[in-house]
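Trainee: I have a structure here, written as structure tokens, and I will follow up with some questions on it.
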Amino acid sequence: MRSFFVLSLTCGLMSATVAVAAAPATAKAATPVEATPHGFPGAQTYVFRELTPEPLRLHVFKPEGWQAQDRRPALMFFFGGGWTRGTPERSAGWARWAAQHGLVGIAPDYRTKERFDTAPLEAVADARAALRWVQDHAAELGIDPKRVVVGGTSAGGHLALWTAITATPPGSAEAEAPKFKPVALVLSSPVSDTAEIGGYTPQRFGPHAAALSAVHRLDAKMPPVLVFHGDADKTVPQRQSLALRDKLQAGGNRCEFVNVPGGSHNFSTDLPEWKEKVRARIESFLREEGLLAR
């Protein structure tokens, strides 16, 4: 196993025109979809947004002993893929992990270029709508709507950040804004800067690159953040997460930055030992935030 060190600092990620927003998610009763090929063993699948060619679903993993009246914390995790590809299959493992630790785990879908011919604006709108749907249905899901942790990898980290920002960005509907900020954010190799100068693929956002650049739209008060990023990431440079950390720190927010020495964008594949290290640190972080029993 190669040697490593962890740098951890505590301190308190399209198109040229805005697409027409999809039909808003509603607060009607949450009813699981029966026998869907899009589901996962051990999970209940719900539709949170009706679209064509297929609706958007989220997959809910409930812990042992779950009851509707529990008001448990939850972990919602967004898959990565550059807003271009990917499905909840990539994030279901995190939702399952959450349920094993007593939380309700949620793996949501969102629109991607390959499946819906959409841009990052729509992906951001879907992420915000997914959290709003979960909060609207918290009583049915046995969740405390004020204690939802949101996480994501790469582009999924960008979506996670936007669930914690109050301002409604281009392409999103104010009616679908989350009711409450996430209680915490967990980000891995996240895209946080999409601005024209120095940002990640700003051309995907057209004139909205700056408006959708999360690091430039942070609220003064943000949830506690845990960030992992490899120093050999050639896809999304680590400097993005360092800048995010510095801005959060400057505002008095908590941010813990974990450097992955020699880690690429997909560092847990290149350095398998980091799979367990990441899980262990996330578990500690959630305990510190009072979201897991000590």
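Trainee: For segment 108-127, which residues satisfy the criterion of being of a type in the set (Gly, Ala, Ser) and either open to solvent by 10 Å² or more (accessible area, probe 1.4 Å) or out of contact with any strand residue (DSSP E or B) (no Cβ under 7 Å at 6 or more places or on another chain) (or both)? Show your work before the answer.
Mentor: Residues of segment 108-127 that are of a type in the set (Gly, Ala, Ser), as a first pass: 119, 123, 125, 127.
If the condition is that a residue be of a type in the set (Gly, Ala, Ser) and either open to solvent by 10 Å² or more (accessible area, probe 1.4 Å) or out of contact with any strand residue (DSSP E or B) (no Cβ under 7 Å at 6 or more places or on another chain) (or both), then 119, 123, 125 are the ones that fit.
Trainee: Additional query: Failed condition for residue 272, given (1) over 24 Å from residue 72 (Cα atoms); (2) crowded, with 18+ Cβ neighbours inside 10 Å, with all others met?
Mentor: That leaves (2) as the condition not met.
Trainee: Inspect all residues belonging to segment 139-148 and state whether any of them is under 16 Å from the mean Cα position of the chain (by Cα), buried (at least 24 other Cβ atoms within 10 Å of the Cβ) and farther than 23 Å from residue 111 by Cβ.
Mentor: Checking segment 139-148: not a single residue is under 16 Å from the mean Cα position of the chain (by Cα), buried (at least 24 other Cβ atoms within 10 Å of the Cβ) and farther than 23 Å from residue 111 by Cβ.
Trainee: Pairs please, first residue from segment 238-258 and of a type outside the set (Gly, Ala, Ser), second anywhere and open to solvent by 10 Å² or more (accessible area, probe 1.4 Å) and assigned to a strand (DSSP E or B), Cβ atoms under 6 Å, 6+ apart in sequence or on different chains.
Mentor: Pairs found: 256/8; 257/9; 258/8.
Trainee: Six or more apart or on different chains, Cβ atoms under 9 Å: show the pairs whose first residue is in segment 153-173 and of a type in the set (Phe, Trp, Tyr) and whose second is assigned to a loop (DSSP other than H, G, I, E, B).
Mentor: From segment 153-173, the pairs are 162/169; 162/172; 162/212; 162/217.
Trainee: Within segment 217-240, can you find the residues that are touching a helix residue (DSSP H, G or I) at 6+ places or on another chain (Cβ under 9 Å) and either of a type in the set (Asp, Glu) or under 24 Å from residue 178 (Cα atoms) (or both)?
Mentor: 217, 218, 222, 224, 225, 226, 227, 233
Trainee: Of the residues in segment 184-219, how many are within 25 Å of residue 133 (Cα to Cα), assigned to a loop (DSSP other than H, G, I, E, B) and out of contact with any Pro (no Cβ under 6 Å at 6 or more places or on another chain)?
Mentor: Total satisfying the criteria: 7.
Trainee: Take the residues of segment 220-253 that are among the basic types (Lys, Arg) and in a helix (DSSP H, G or I): which is surrounded by the fewest Cβ atoms within 10 Å (Cβ to Cβ)?
Mentor: Quick first cut of segment 220-253, residues among the basic types (Lys, Arg) only: 221, 234, 239, 245, 247.
Remaining after also requiring in a helix (DSSP H, G or I): 239, 245, 247.
Working: 239: 13, 245: 22, 247: 17.
Ranking the candidates gives 239 first.
Trainee: Would a scan of segment 28-44 turn up a residue that is closer than 21 Å to residue 113 by Cβ, within 21 Å of the chain's Cα centre (by Cα) and at pLDDT 80 or above?
Mentor: no
Trainee: Of the residues 188, 154, which is polar (S, T, N, Q), open to solvent by 10 Å² or more (accessible area, probe 1.4 Å) and in contact with a strand residue (DSSP E or B) (Cβ under 7 Å, 6 or more places away or on another chain)?
Mentor: 188
Trainee: Restricting to segment 92-107, count the residues that are surrounded by 22 or more Cβ atoms within 10 Å (Cβ to Cβ) and aromatic (Phe, Trp, Tyr).
Mentor: If we filter segment 92-107 for residues that are surrounded by 22 or more Cβ atoms within 10 Å (Cβ to Cβ), which is where we start, we get 92, 94-95, 98-99, 103-107.
Subset that is aromatic (Phe, Trp, Tyr): 94.
Residues in segment 92-107 being surrounded by 22 or more Cβ atoms within 10 Å (Cβ to Cβ) and aromatic (Phe, Trp, Tyr): 1 in total.
Trainee: For residues in segment 275-287 being open to solvent by 70 Å² or more (accessible area, probe 1.4 Å) and over 15 Å from residue 75 (Cα atoms), which is farthest from the chain's Cα centre (by Cα)?
Mentor: Filtering first and then ranking leaves 276.
Trainee: Answer with yes or no whether residue 130 is outside any loop (DSSP other than H, G, I, E, B), touching a strand residue (DSSP E or B) at 6+ places or on another chain (Cβ under 8 Å) and crowded, with 18+ Cβ neighbours inside 10 Å. Outline the logic, then answer.
Mentor: Details: outside any loop (DSSP other than H, G, I, E, B): yes; touching a strand residue (DSSP E or B) at 6+ places or on another chain (Cβ under 8 Å): yes; crowded, with 18+ Cβ neighbours inside 10 Å: yes.
Against the criterion (outside any loop (DSSP other than H, G, I, E, B), touching a strand residue (DSSP E or B) at 6+ places or on another chain (Cβ under 8 Å) and crowded, with 18+ Cβ neighbours inside 10 Å), residue 130 qualifies.
The values are calculated or read from the model by the stated rules, or taken from the named source; none is laboratory data. Small disclaimer: the values here were computed from a predicted structure and weren't measured. Cβ sites come from the backbone with ideal geometry, for glycine too, and all protein chains shown count toward neighbours. Protein only, heavy atoms only, side chains kept; ligands, DNA and RNA dropped before computing areas. Shrake-Rupley method; radii C 1.70, N 1.55, O 1.52, S 1.80 Å.
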